[in-house]
Each structure stands twice: as C-alpha cells, then as structure tokens.
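The next block holds one structure in the form of structure tokens; read it before the comments.
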Amino acid sequence: MAKSQVTFNKREKEKKRFSKRLEKQKKKENRKANSPGGGLDNMIAFVDEYGKITDTPPDPTKKSKIKAENIEVSIPKREKEEVPALRKGRVEFFNDSKGFGFIKELNSMDKFFVHVNGLLEDIVENNIVEFEVERGPKGMNAFNVRKWKETPKPKIVVVPEAKTEPNAETTGKEITDNAKEDLKK
C-alpha cells in the first residue's frame with residue numbers, strides 16, 4: 001500500500017494560509033463598517049473658477065456659458081503665411097551621374113531635394129538658383145529650377161566738374177574775401 005502524500009508540514013502551511021485569508025477578510029469588513037460613507041459623494045471633486053480642486057460644488061449663480069469652439073486644447077492654428085511661388089537658393093550638392101542634389105533656400109535655410117527631371121537649366125554646386133517647391137513622397141522637392149539672373153542695376157556715372165589749376169594769387173584772394181564776408185556777418 002502506498003503512503004499518504006499529505007505530510008505534517010503541508011497541513012501546517014495550508015492552515016496558515018487559511019488563517020491569513022480569514023484575517024484579511026475580517027479587516028476588510030471592519031474598514032467597511034467603520035468608514036464614514038464611502039459612497040460616490042465622497043469621491044467627487046470639483047474645480048473652482050480659479051482652477052483649484054475643491055470638495056464643495058460650484059455656486060450656480062456664478063455659472064457662465066462657454067462655447068466648445070472657443071476652447072483651445074492644443075497649439076492654436078497658424079494663419080497661412082503667404083510663401084512666394086519662386087524661391088531663391090544655393091545648390092549645396094549636385095551629382096550629375098546620379099541626377100539628384102540639394103538646394104538650400106537663402107531666406108529660411110531649408111534644404112530641398114532636386115531631381116534632374118525638375119531642372120530647366122544645367123546646374124552645378126554653389127550656383128544661385130530660383131525654384132518652386134512641391135510636396136513629394138519623402139518631403140518637399142524643388143522643381144522648375146533655373147539659374148538666378150540678377151536684374152542689372154543702372155550704372156550711375158559721375159561727371160567731374162571742370163577744374164582750373166589753383167593759382168596762388170586767386171586762392172589767397174578768395175580766402176581773404178571769404179574771411180571778410182564772414183566777419184561782416
């Protein structure tokens with residue numbers, strides 16, 4: 001015959017677990033009996049007009065209506081900025097063999113990808129170009145790229161006045177005549 005698998009130690013451990021479970025249940029019942037009304041009313045908190053959390057409900061006479069559209073939870077929407085159609089930039093990198101490069105806009109310092117299909121003229125690195133921007137599959141792309149031609153500024157020509165050689169007799173005389181006029185004033 002086989003011996004029973006229940007040993008003394010196993011029975012003792014089981015008794016301890018059972019007594020702990022009973023103690024825990026008694027404590028739980030004690031807390032429920034002695035709690036000061038643990039209902040929903042004790043769990044509700046209110047926010048006053050200054051944004052502080054209180055346990056007293058707000059005064060209904062101070063209540064004001066607010067439209068849901070006026071509440072901004074996130075960053076306010078930016079107004080559309082008018083971006084010029086033609087932008088001006090410098091070719092940072094261009095690889096003729098692979099047919100792509102990057103243009104850095106001069107105003108905002110943003111970099112735009114450019115493909116050889118978007119070129120109107122041949123470009124090389126460090127060229128100043130004008131271009132338009134469109135959204136591509138991986139970001140903004142430059143297209144209609146052409147070299148920037150600066151409008152020529154009108155040249156101002158200064159015509160020198162006809163000068164005569166200074167003469168010792170005339171210069172000294174002019175100085176003295178001018179000095180006399182200044183003294184009279």
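Every number in this text was worked out from the coordinates using simple rules, so none of it is lab data. On a predicted model such as this, the values are computed, not experimentally measured, just so you know. Quick reminder, even Gly has a Cβ in these numbers, built from the backbone with ideal geometry, and neighbours come from all protein chains shown.
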- Query: For LYS77 and MET140, FRET efficiency with R0 = 22 Å and r from the beta-carbon atoms, rounded to 0.05?
  - Reply: 0.60
- Note on the structure: Amide H neighbours of LEU106 at under 5 Å, excluding residues fewer than 5 places away on the same chain, with H built from the backbone geometry, are LYS88, GLY89, ARG90
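Past 32 Å, Cα to Cα, is the threshold; run LYS28/LYS62; LYS52/LYS80; LYS88/LYS138; LYS27/LYS52 against it and keep the listed order.
On the way: LYS28/LYS62 42 Å; LYS52/LYS80 37 Å; LYS88/LYS138 22 Å; LYS27/LYS52 35 Å.
Exceeds cut-off: LYS28/LYS62; LYS52/LYS80; LYS27/LYS52.
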- Message: Shape verdict for the stretch 87-147, please, from the Cα gyration tensor: rounded (a/c under 1.5), prolate (a/b greater than b/c) or oblate.
- Response: rounded
- Message: So the label point goes 7 Å from the Cα of LYS88 along Cα→C-beta, right? Which residues of the stretch 108-123 then have their backbone N under 18 Å from it?
- Response: 108-112
- Residue-ordered couplings for the stretch 110-121, obtained by feeding phi - 60° into the Karplus form 6.51 cos²θ - 1.76 cosθ + 1.60 and rounding to whole Hz (Gly and Pro as x), are 7, 9, 10, 6, 10, 10, 4, 5, x, 8, 9, 9
- Taking Lys and Arg as +1 and Asp and Glu as -1, residues besides GLY101 with C-beta under 12 Å from its C-beta add up to 0
